Amino acid sequence: MEIENQEIKHCLRTIEDKLQWGPSEQWTNYDFEKLNERIFDETKVSLSVTTLKRVWGRIKYPHDPSLTTLNVLALFIGFPDWRAFLQANGVQESRIESSEEKIGDPNSLLKAKKLNWYLPLGIMLLIGLVFVFSAKIFTKQDVEQSTKINPADYQFEADKVKSEGVPNSVVFTYDAAKSPSDSVYIVQTWDMRRKTLVPKSGKHHSAIYYHPGYFKSKLVVNNQIVKTHDIQIGTAGWLALVDREDKPFYFDKKDFLSENEIEIDLLDLKNNLLFDPQNSPKVRFFNHKDLGEIYSNDFIFETALKNDFSSGDNPCHYVEVMIQCVEEMISIPLCDLACVGEAQLYALGKNIDAKKDDLRGFGSDLTKWTKLRIESKDNVIAFYVNGILATSFVHEGEPAKIVGLQYQFNGTGAVKDTWMEDGAGKRIIF
């Protein structure tokens, strides 16, 4: 399997270069969820988060990726299929055929033996199809009219079973009876594991959200989004959790919340059997609620944080602070100064990568309290770390409504003195 091993790794590196999200070893479950959505958006095919983690070696799996999976990955980076990707990288045709027999197809020898009678049968079928279609030629306009979808013919609503808190179930009510086919899906935004085929004659579908956030659910008919519905899963104050493969572990508020500080320390991890010195758990803090009319083009945000977890896989003390907006995100990287070479700032559609820009300002001693401040005014957004300007840029897009906060830590984390202020000076204390 030397072809597959070498070329699969090359394919994954190409995907990582395209995404510019930093080393895949540092990717969290959230990153694989985003990748899941990106792949679906660009290929219209969904690869589950579990499948993606297996391909990237984050989940132990004794088998090679299927040819179907490899075809989708190749399509995502601009090739028609896996064969085209191999050819573009100089793999000889005979070796490609050998590779395809091995990948995900234990019956390849049997298929080869059947080829002798499949070929003439295929020719006969082709002749038959030519005869049928020669009887009536559909014009382009005929085809478009037969498959035309009018969004006004469809209905879609979403209702939470709890006003806030996670886990939280959502009941979707829909009417897709006029769909020209059975291709009717309900999509729960970025997590394509929740892209669900539903009967067009149905009325209801329910699903569970395990993470807070602001989601734009969708009703999709024949690959066309016909309706959307916004859903905000709030947190009733601060929420702390650790991501796991199946579902998150939620901490009790009394274990992490004090008057002006939230913290998950080593004792909290050990007491809940979450400590692993070889694989730092991913600790996440959330605070999602109605923040009023605070927009990305006119606000001030300030917080203090630290990550003093000492572990072999946490030398850089990576921390990610995220301000979630409606359909947008501001994601700020913080790490040890020695590790800023892999830092990436994403804000309101703009990606600033340390490979091309100077992001040394986001390097700090995260074992001590580090202050982060963001000022956005007159379309200029500026980022300060410990009172020093780290970077700034002009944002010319539409302002986005701010709806929540999220922090991601490796191992342990602490946050305090967090507040946000709108353009009129109204301050919200978190």
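Go through (1) surrounded by fewer than 20 Cβ atoms within 10 Å (Cβ to Cβ); (2) under 21 Å from Trp21 (Cβ atoms); (3) modelled with pLDDT of 95 or more and name the single condition Leu389 misses.
Of (1) surrounded by fewer than 20 Cβ atoms within 10 Å (Cβ to Cβ); (2) under 21 Å from Trp21 (Cβ atoms); (3) modelled with pLDDT of 95 or more, only one is false for Leu389: (2).
Name the single residue, out of those in the range 402-427 being surrounded by fewer than 16 Cβ atoms within 10 Å (Cβ to Cβ) and in a strand (DSSP E or B), that is farthest from the chain's Cα centre (by Cα).
Within the range 402-427, the match that is farthest from the chain's Cα centre (by Cα) is Arg427.
Using beta carbons and a limit of 6 Å, which pairs, at least six apart or on different chains, have the first residue in the range 13-32 and over 17 Å from Gln406 (Cβ atoms) and the second one surrounded by 18 or more Cβ atoms within 10 Å (Cβ to Cβ) and of a type in the set (D, E, K, R)?
Qualifying pairs under 6 Å: none.
Is one or more of the residues making up the range 14-21 surrounded by fewer than 18 Cβ atoms within 10 Å (Cβ to Cβ), within 21 Å of Tyr318 (Cβ to Cβ) and not charged (D, E, K, R)?
Checking the range 14-21: at least one residue is surrounded by fewer than 18 Cβ atoms within 10 Å (Cβ to Cβ), within 21 Å of Tyr318 (Cβ to Cβ) and not charged (D, E, K, R).
Within the range 353-387, which residues are among the aliphatic types (A, V, I, L, M) and closer than 22 Å to Asn410 by Cβ?
Ala354, Leu359, Leu366, Leu372, Val385
So in the range 243-258, with the set limited to residues that are in contact with a helix residue (DSSP H, G or I) (Cβ under 8 Å, 6 or more places away or on another chain) and not acidic (Asp, Glu), which one is farthest from Asn279 (Cα to Cα)?
Top of the filtered list is Phe256.
Based on this model, can you work out whether Ala390 counts as under 22 Å from His317 (Cβ atoms) and aliphatic (A, V, I, L, M)?
In short, yes.
Has the range 181-197 got at least one residue that is without any contact (Cβ under 8 Å) to a residue 12 or more places away in the chain and assigned to a strand (DSSP E or B)?
Checked the range 181-197: at least one residue is without any contact (Cβ under 8 Å) to a residue 12 or more places away in the chain and assigned to a strand (DSSP E or B).
In this structure, is Ile225 part of a strand (DSSP E or B) and surrounded by fewer than 18 Cβ atoms within 10 Å (Cβ to Cβ)?
Against the criterion (part of a strand (DSSP E or B) and surrounded by fewer than 18 Cβ atoms within 10 Å (Cβ to Cβ)), Ile225 qualifies.
Residues to consider are Ile137, Ile127, Ile186, Ile149; find the one that is at pLDDT below 90 and surrounded by 14 or more Cβ atoms within 10 Å (Cβ to Cβ).
Ile149
Select, from Asp365, Asp357, the only residue that is within 13 Å of Lys306 (Cβ to Cβ) and among the acidic types (Asp, Glu).
Exactly one residue qualifies, and that residue is Asp365.
Spot the failing condition for Gly361; the list is (1) touching a Lys or Arg at 6+ places or on another chain (Cβ under 6 Å); (2) modelled with pLDDT of 95 or more; (3) under 27 Å from Ala400 (Cα atoms), and only one is missed.
In the conditions (1) touching a Lys or Arg at 6+ places or on another chain (Cβ under 6 Å); (2) modelled with pLDDT of 95 or more; (3) under 27 Å from Ala400 (Cα atoms), Gly361 misses (1) alone.
Filtering the range 368-386 down to residues that are polar (S, T, N, Q) and more than 19 Å from Ala304 (Cβ to Cβ), which residue is surrounded by the fewest Cβ atoms within 10 Å (Cβ to Cβ)?
Here the residue is Asn379.
Going through the range 354-390 one residue at a time, which ones are part of a strand (DSSP E or B) and in contact with a helix residue (DSSP H, G or I) (Cβ under 6 Å, 6 or more places away or on another chain)?
Answer for the range 354-390, where residues must be part of a strand (DSSP E or B) and in contact with a helix residue (DSSP H, G or I) (Cβ under 6 Å, 6 or more places away or on another chain): Gly363, Val385, Ala390.
Restricting to the range 270-287, and then to whatever is aliphatic (A, V, I, L, M) and out of contact with any Gly (no Cβ under 8 Å at 6 or more places or on another chain), can you tell me which residue is farthest from Ile323 (Cα to Cα)?
Leu273
Conditions tested, residue by residue: (1) crowded, with 20+ Cβ neighbours inside 10 Å; (2) in the same structural domain as Gln408 (by TED's automatic domain parsing); (3) in contact (Cβ under 8 Å) with a residue 12 or more places away in the chain; (4) aliphatic (A, V, I, L, M).
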residue	(1), (2), (3), (4)
Lys34	no, no, yes, no
Glu42	no, no, yes, no
Ser46	no, no, yes, no
Lys53	no, no, yes, no
Thr68	no, no, yes, no
Val72	yes, no, yes, yes
Phe79	no, no, no, no
Ala84	no, no, no, yes
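Only one of (1) among the β-branched types (Val, Ile, Thr); (2) surrounded by fewer than 17 Cβ atoms within 10 Å (Cβ to Cβ); (3) in contact with a Ser or Thr (Cβ under 6 Å, 6 or more places away or on another chain) is not met by Val326, so which one is it?
It is condition (3) that Val326 fails.
The values are calculated or read from the model by the stated rules, or taken from the named source; none is laboratory data. Because the structure is a prediction, the values reported are computed rather than measured. Positions of Cβ are generated from backbone atoms using ideal geometry, with glycine treated the same way; all protein chains shown enter the neighbour counts.
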